[in-house]
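The structure appears right after this line, and notes come after that.
None of the figures in this text is laboratory data; all of them are computed from the coordinates on show. Remember, it's a predicted structure, so these values are computed and weren't measured experimentally. All Cβ positions, glycine included, derive from the backbone under ideal geometry; neighbour counts span all protein chains shown.
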Amino acid sequence: SLFRHLKYATRTEMSVYDDCLTQSNNNADVLLQCITDSLQAGQVSNSSNVNDWFFIFAAALVFFMQAGFAMLCAGSVRMKNVQNTMLKNLLDTCGAALAFFSVGYAFAFGGQDTIQGNTFIGTQNFFMYNIPSYSFWVFQFAFAATAATIVAGTLAERCQMAAYLCYSICLTGFVYPVVAHAAWSNNGFLSAYNPSPLWGTGMIDFAGSGVVHTVGGTTAIIATFVLGPRKGRFYDSRGNPLPKPTPFPGHSVALQMLGTFILWFGWYGFNPGSALTISSPTVDNGKVASLCAVTTTLSAATGCVTALISKLLWEERQMGEAKFDLSAAMNGALSGLVAITSGCAVVQPWAAVVIGMFAGWCYLGGSSLLIKLRLDDAVDAIPVHLVNGLWGVLATGLYADPNLIENAYGRSNHAGLFYEFGRGRFDATLLAAQFVGLLFILGWVCILFFPFFILLNYLGWFRADSLEELVGLDISYHGGRALNTETGERQYEYVEAFRKRQGLRRRNRLRHHASNRQEATNGNTEAETAIGETERNTEVDSFHEDEISVNEWVA
């Protein structure tokens, strides 16, 4: 195989030589210049093809994380909501694809260059018109879809279908692209890739602890605040606070574990793929990507062990009984992955261990705080993505190595705070830039999504009906069978009440349409109209009496 490759290379070189010999007219200097230019052009073309393949491969790994989110969500909800959760994860991805195709990419990276200076938003390449790289679009779409999917698990079991599609389009079409433009575009005011970055350093968010995870986590906490908790989680049927929250365990720990491993696997595209190129004559991006893979692994492993052991010791002190919590271990690993995402290319392996350790503690603290605030997060996405997204961005401002910053960004005038102490000076410039970036992300998402979700709630498009939530969104939205997930006959009684109400509504709607058609075709006389109106009023009154009786029984 190697011999054939060498033969092919020799034939290619001979072809270049023959072409240049024809063009040189036996002039040696022209011949050598022609050969050099031709071989360099071929090298650039090969390098571009390798980078495109690197983008596609990394994008495939990141997109496979959607399967991880789906499995994690499916295992974390009750059996009666599995179908609905799966469809919502799918709708997130589809809505993200269409929004990012039409306007999202253009707002994030459209028309970026190194000449026009800072811009708030991109203004070119709408609907992928004149897009410079298809592979880059696929890679960035996978990131946008990840930001949207973070919210799906938080709102599980109580959110309407239309709301998912609305927020995913809004998030990936406008909210996320503006943040991505600010932090990653050559013209973003926070971007470390900007020729004139903020305070000479810019915000270092290599793979998206802030851009992806903080955006998704902030959206999730706003949404669950407006939406409210699941029925019976923190309040009884009369709305009185429960002395102790009711646990709603998921139906399959195996699916949760499968989702966790898929997400960890996909992170090897998320972080190393953010090197953006793997074949460059000037930058050793292969080494950068390799470091990303190492720090990603160490932070995830440390976060898992830290969360597991810390919760074990805490519960042993509080209750006198040691218990290994698998959920804490899984979410601790995911927290370590989120936290290292910002600085995976600029921190040493030992620093990744430290970041992962604090990530495990941040997850445990954030999860406990959510319960105290009575914010219902079905999959603990908020402490994993929001809390550790914040920690990851700030940790980069503490532990970024100047030599690694030089390798990844081509400058190292400002390093992490602890390394600046080693240089004998107090220079918190990078940490301040990280803090400003987080303030921008939090402010931008809150300003847009608070009124957005309040409007959805006001219009009645956000929260599912109470009876639909009780019987499960599978049967109310997808016609699935009633599954005996509750003790006794209670679940089946709710289902029968739901079906009776649906039948009453359907019967009333059909009679109303039939009466309208009869009036239009027969041209009812005044007396006939009065009689028909009396009959319809009687039917409507009968319907309302039946519906009131059903609602009173459910209450």
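Work out, step by step, the length gained on full extension between Phe324 and Trp350: first 0.36 nm times the residue separation, then minus their alpha carbon distance; give nm to one decimal.
6.7 nm
Just to confirm a number: summing +1 for Lys and Arg and -1 for Asp and Glu over residues other than Ile222 whose beta-carbon lies under 15 angstrom from that of Ile222, what do you get?
That works out to -1.
Which far-off residues, 5 or more places away or on another chain, put their amide H under 5 Å from the one on Met203, with H placed in the peptide plane?
Long-range HN contacts for Met203: Ser191, Ala192, Leu198.
Give, in nm to one decimal, the length gained when the segment between Ile454 and Ser102 is fully stretched (0.36 nm per residue of separation minus the Cα-Cα distance).
The span from Ile454 to Ser102 would gain 124.1 nm if fully extended.
If you count, for each residue, the other Cβ atoms within 10 Å and average over each peptide, how do 157-164, 353-360 line up from highest to lowest?
Sorting 157-164, 353-360 by mean packing, highest first, produces 353-360, 157-164.
Cα centroids of segment 148-200 and segment 202-230: how far apart, whole angstrom?
9
In nm, to one decimal, how far is the Gln124 label point from the Ile309 one, both placed 7 Å along Cα→Cβ?
5.4
With an 8 Å cut-off on Cα pairs and a minimum separation of 6 or more residues, tell me the relative contact order of segment 80-151 in percent.
38
For segment 130-137, what does the Karplus curve 6.51 cos²θ - 1.76 cosθ + 1.60, with θ = phi - 60°, yield as ³J(HN,Hα) per residue in whole Hz, taken in order and with x for Gly and Pro?
Computed from phi, the couplings for segment 130-137 are 6, 6, x, 8, 5, 5, 5, 4 Hz.
Of the listed peptides 392-401, 190-199, what is their order by residue-averaged count of other C-beta atoms within 10 Å, with the highest listed first?
392-401, 190-199
Any idea how far apart Val294 and Phe418 come out in nm if each label point goes 7 Å out from Cα toward Cβ?
1.6
Measure off 7 Å from each Cα along the Cα-to-Cβ vector at Lys372 and Thr114, then give the distance between these two points in nanometres to one decimal.
Going by the 7 Å Cα→Cβ label model, 5.0 nm.
List, in order, the whole-Hz ³J(HN,Hα) value for each residue of segment 403-418 obtained from phi through the Karplus relation with A = 6.51, B = -1.76, C = 1.60 and θ = phi - 60°; use x for Gly and Pro.
Per residue, the Karplus-derived 3J(HN,Hα) values read 5, 6, 4, 4, 5, 8, 10, x, 8, 8, 5, 10, 10, x, 4, 5 Hz.
Using a cut-off of 14 Å between beta-carbons, work out the net charge of the residues near Ser252 (Lys and Arg +1, Asp and Glu -1, Ser252 not included).
Cβ neighbours under 14 Å give a net charge of +2.
Quick check on packing: order 118-125, 254-261 by the mean number of other C-beta atoms within 10 Å, highest mean leading.
254-261, 118-125
Provide the gained length on full extension for the span Ser47 to Phe435, in nm with one decimal, where the gain is 0.36 nm per separating residue minus the Cα-Cα distance.
Additional length available on full extension: 136.0 nm.
Please list, ordered by chain and number, the residues whose modelled amide H lies under 5 Å from the amide H of Arg463; skip anything fewer than 5 residues away on the same chain.
Amide H to amide H, under 5 Å and 5 or more residues apart or across chains, Arg463 pairs with Gln160.
Long-range amide H contacts for Tyr235: which residues qualify at under 5 Å (H placed 1.01 Å from N, peptide plane, sequence gap of 5 or more or a different chain)?
Leu242
With equal scatterers on the alpha carbons only and no solvent term, can you work out the Debye log10 of I(q)/I(0) for segment 275-378 at 0.18, 0.21 1/Å?
-0.82, -0.98
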